[in-house]
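Just so it is clear, none of the values below were taken in a lab; they were calculated from the coordinates. Quick caveat: nothing in here was measured; it's all calculated off a predicted structure. So basically every Cβ, Gly included, is an ideal-geometry build from the backbone, and we count neighbours across all protein chains shown.
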Amino acid sequence: MEIYLRKKRWKLTLFIGAVIIVTASLWYTNILVRHIREDERQSVKIWADAINRKADLVNFTNKLFEGIKTEERKRVGLLAEAQKRLITSGPQEDLTFLLDIISENTTIPVIQTDQDGYIVSVRNVDFKLDSLRPLKFEGALK
């Protein structure tokens, strides 16, 4: 009967050891799964941010090229008008074409002054009129 009792204790010990091993394995696996889940969430978040930034860049690029396209169409129109005027110009050329260039301009800096050199208006420049001194025209036609 002692052998039977030893076998029973040995089986119980092995069963308890197996239960402990399985429990420890499940517990450790659960910890690993949590870490992997957090890493994957962070990776997906980084990927989504990268996709959003790429979409923003594409949108910005499209807007930029639309602006360039608009400016180039204006310039081509001005060039066509200039060539037309060169072909048909006479000695008494009117200045409306030059005024059209100045008024339609959105890129070329323009500074308009009075006869004393004081700035009257500016276009496409980054300074304030109040902070400037009169312009001196050395060698300019008077």
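The table below lists the values:
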quantity	calculated
Per residue convex hull volume, Cα atoms of region 2-94, in Å³	75
Estimated FRET transfer efficiency when R0 is 25 angstrom, pair Ala80-Asp114 (beta carbons, to 0.05)	0.15
